[in-house]
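Contents: one structure, followed by commentary.
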Amino acid sequence: MSDVLSQNEIDNLLAALSSGELDADEFKQTNEKQIKNYDFARPSKFSKEHLRTLNIIFEHYARLLSTNLPAYLRKNVQVEVVNSEAVTYSEFTNALSNPVLLGIVDFSPLDGNIIIELADNLGYAIVDRMLGGGGYPLEKVRDFTEIELTIIERIFNICTNLLREPWENVIQLQPRLLRIETNSQFAQIISPSEMISIVTLKLKIGNVEGMMNICLPYVSLEKVIDKLNTKYWYSTMQLKDDKSYKDLIEIAIAKAKVPIRAILGKSTISVNDFINMQRGDIIKLNTKVEDELDIYVGNIHKFKALPGSSSGTYAVKISSIIRGEE
């Protein structure tokens, strides 16, 4: 319900209209409702909830690209999600430039393929960087050569393999790069009227900026479309945090290698004795033969042990464990 004006406010408003201080047409424009036509022949199959979840998935993907690509390009790479929207496939292909870099990716075990589109200036910068240059695009746009496409294919394979982890909460993907196309006419993976979701990422390789578009057809995501909601996403992510990550951390720690050393004893000698030391000289230590040795893990005194041998090599036998509180 709108606010009710007092008589004094009404008089002031009429006076302002009479003097020309206020324009009645401005009020008419603000009261007009913006109506968006709905095409029933082409209904939108992606809800806002679906697009929001895809945003979350590809924010994770953007972080993986930011940490993995610099190892191959030897240059700082920044990636961020710009937008996600639902359009028809024809609208996507009509907006493509020429030449274009389109990676056709098999989205197994889901049906069909998806497309990873990379801006041509990023493609030229990647080739220049991989061949030892500074990573700058060409001043004049031209078609990519077979050698350049082979170099770019390596980066596309990396981008394809990194898709697995962000989708783990939805489905165990096994993506595989099928081919790279430079002409959109040879990348008709679905009917032009089919609905797709486009997730746009902004890549910055050094000082070169460009866009990466991920084209996800509805027919490919139809089997898991019910899982593309934030409630399901966060519930599975919490379950994974409580179990999977803990197990992975324990496994990683168990495989970590740490230095361990046994101290036979200590001695102090003069610099003159050290300089004149020769083979066969005896150094007297501050320990006896029957004394236990100190065992260090890194710089931490962790065990006591007795010296011995095993299979013809020197060894020690742990006799006691030194606890942290001791």
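Where a number appears in this text, it was derived from the coordinates with a stated rule and is not lab data. None of the values given here were measured: they were computed from a predicted structure. Glycine also receives a Cβ, built like all others from the backbone with ideal geometry; neighbour counts cover every protein chain displayed.
Fewest to most neighbouring Cβ within 10 Å: what's the order for Cys159, Cys215? Please report the intermediate quantities before stating the final value.
Values: Cys159 21, Cys215 24.
With the fewest neighbours first, Cys159, Cys215 line up as Cys159, Cys215.
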Checklist entry - Among rounded, prolate and oblate, which fits segment 178-231 when a ≥ b ≥ c are the square roots of the eigenvalues of its C-alpha gyration tensor, a/c under 1.5 means rounded, and a/b larger than b/c means prolate? => result oblate
Checklist entry - Long-range amide H contacts for Glu80: which residues qualify at under 5 Å (H placed 1.01 Å from N, peptide plane, sequence gap of 5 or more or a different chain)? => result Lys202
Item to check | Distance from segment 92-110 to segment 47-68 (C-alpha centre basis), Å | outcome: 18
Next on the checklist: Once each part is reduced to its C-alpha centroid, what is the distance from segment 189-227 to segment 134-186 in angstrom?
Outcome noted: 13
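Can you put Ile190, Ile196, Ile116, Ile171 in order, fewest other beta carbons within 10 Å first? Walk me through the numbers on the way to the answer.
Values: Ile190 18, Ile196 27, Ile116 21, Ile171 15.
Taking fewest neighbouring Cβ atoms as first place, the list is Ile171, Ile190, Ile116, Ile196.
I'm a student and want to see the number: the projected area of the Cα convex hull of segment 260-321, averaged over all directions, in nm². The partial results should precede the final answer.
Working: hull surface 22.6 nm².
Spelled out: convex hull of the Cα atoms, projected over all directions, averaged, 5.6 nm².
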Checklist entry - Taking H as built 1.01 Å from N, whose amide H comes closer than 5 Å to the amide H of Thr287, not counting residues under 5 places away? => result Lys266
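Compute the projected area of the convex hull of the Cα atoms of segment 84-197, averaged over all viewing directions, and report it in nm² to one decimal place. Write down the numbers at each step before the final one.
On the way: hull surface 31.3 nm².
Result: a mean projected hull area of 7.8 nm².
Which ordering of Thr287, Thr53, Thr145 is given by a fewest-first count of other beta-carbon atoms within 10 Å? The partial results should precede the final answer.
On the way: Thr287 15, Thr53 23, Thr145 10.
Going from sparsest to densest Cβ surroundings: Thr145, Thr287, Thr53.
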Item to check | Note, ³J(HN,Hα) from phi for segment 216-221, Karplus 6.51, -1.76, 1.60, rounded to Hz, x at Gly and Pro | outcome: 10, x, 5, 4, 7, 9
Item to check | Gyration tensor (alpha-carbon) shape descriptor, segment 48-250, a/c threshold 1.5 | outcome: oblate
